[in-house]
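Worksheet: the structure to be examined is printed underneath.
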Amino acid sequence: MSEFNLKLEHAKASQRKIYAAVAGGLALSGLLVIAFIAHSNGTSIIVKPDDASKIAKIKVIDGIGLAVSRVVYSLTGEAKIAVSADGFKSESKTLAAENKGGNLVVTLSELPGRLIATTTPKNDLSRWSLDGQRVAIASRLDKKLPSGTYKLEVDSKYFEIVGRSIQIQRG
């Protein structure tokens, strides 16, 4: 091989090294910029109460952003998120510019449970009481209630008073 061809091959190899170094530097710079944006724009979402926090789902519903675990990364001025959990009412919040990089507390409220009770035989004059308070006079009781334990009583002039302790679950 001539001296000219050797120098040409050496120049090509040197040029490839320079291109590889520049490409690697650009890729590393890009990753650092993305990491900085993600770190500085990540808003931690704190879901209350603790029951809801364990099962909460967070989605970006408006704007350009990404929800990862309990952190929302927004690339637009304002992003809107939806926080949901089974048995709780969903909430939507807008991430304002001043919240970026900080914490946002979202409090979900429990959905009421439903109590359905009937008398057999059907008696439209049955008097229904929950925790000693009259709630209906009908053969059927259909009521939404917050979760908890209640004392249900049904009274009719034709039958004995029947009382039960009942547990209402949320949602």
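What to note about this one:
- Across the options V72, N123, T94, the greatest Cα extent toward the positive end of the charge dipole of region 65-149 (unit charges at beta carbon of Lys, Arg, Asp, Glu) belongs to N123.
- The length gained by stretching the chain between A20 and R127 to full extension, at 0.36 nm per residue less their Cα-Cα distance, is 30.1 nm.
- Shown are S90, S129, whose ranking by accessible area with a 1.4 Å probe and every protein chain present, most to least, is S90, S129.
- Take every pair of alpha-carbon atoms less than 8 Å apart whose residues are at least six positions apart; their mean separation over the length of the chain yields a relative contact order of 16 percent.
- Comparing region 77-132 with the 2.2 N^0.38 Å rule of thumb, its C-alpha radius of gyration ratio is 2.10 (two decimals).
- Assuming charge only on the beta carbon of Lys and Arg (+1) and of Asp and Glu (-1), the dipole of region 17-68 about its Cα centre is about 140 debye to the nearest 20.
- Highest-MSF residue in the chain out of A27, A35, A96 [GNM, Cα springs under 10 Å]: A27
- Bridgeable aspartates and glutamates around K151 (alpha carbons under 19 Å apart, same-chain partners fewer than 8 residues away excluded): D131, D142, E160.
- Across K59/K143; K80/K144; K93/K143; K54/K93, pairs whose alpha-carbon gap is larger than 29 Å: K59/K143; K80/K144; K93/K143
- Choice from E153, E78, E110 showing the highest fluctuation, given a GNM over the chain with Cα pairs closer than 10 Å: E153
- Largest first, the three principal axis extents of the alpha carbons in the chain are 118, 38, 22 Å in whole numbers.
- Charge dipole (debye, nearest 20) of the chain; +1 at Cβ of Lys and Arg, -1 at Cβ of Asp and Glu: 180 debye
- Taking each residue as 0.36 nm, the span from L75 to A138 lengthens on full extension beyond its C-alpha to C-alpha distance by 17.0 nm.
- With R₀ set to 25 Å, the beta-carbon distance separating L28 from S53 gives a calculated FRET efficiency near 0.10.
- Charge dipole (debye, nearest 20) of region 66-131; +1 at Cβ of Lys and Arg, -1 at Cβ of Asp and Glu: 100 debye
- Per-residue SASA entry for L31, accessible area with 1.4 Å probe, Å² rounded to 10: 110 Å²
- A 1.4 Å probe, protein heavy atoms only, puts the accessible area of T118 near 90 Å².
- Calculated diffusion of region 5-92, Stokes-Einstein form, Kirkwood radius summed over Cα pairs, 20 °C and 1.002 mPa s, µm²/s: 131 µm²/s
- Per-residue ellipticity at 222 nm from helix content only, as computed over the chain with -39500 (n - 2.57) for each DSSP H run of at least four residues, stands at -9000 deg cm²/dmol.
- Angstrom value of the Kirkwood radius, inverse mean 1/r, which spans all Cα pairs in region 113-171: 11.6 Å
The values are calculated or read from the model by the stated rules, or taken from the named source; none is laboratory data. Only a predicted model underlies this, so the values are computations on that prediction, with no experimental measurement involved. Reconstructed Cβ throughout: ideal geometry from the backbone, glycine too, with neighbour counts over all protein chains shown. For accessibility, only protein heavy atoms count, side chains too; no ligands or nucleic acids. Shrake-Rupley method; radii C 1.70, N 1.55, O 1.52, S 1.80 Å.
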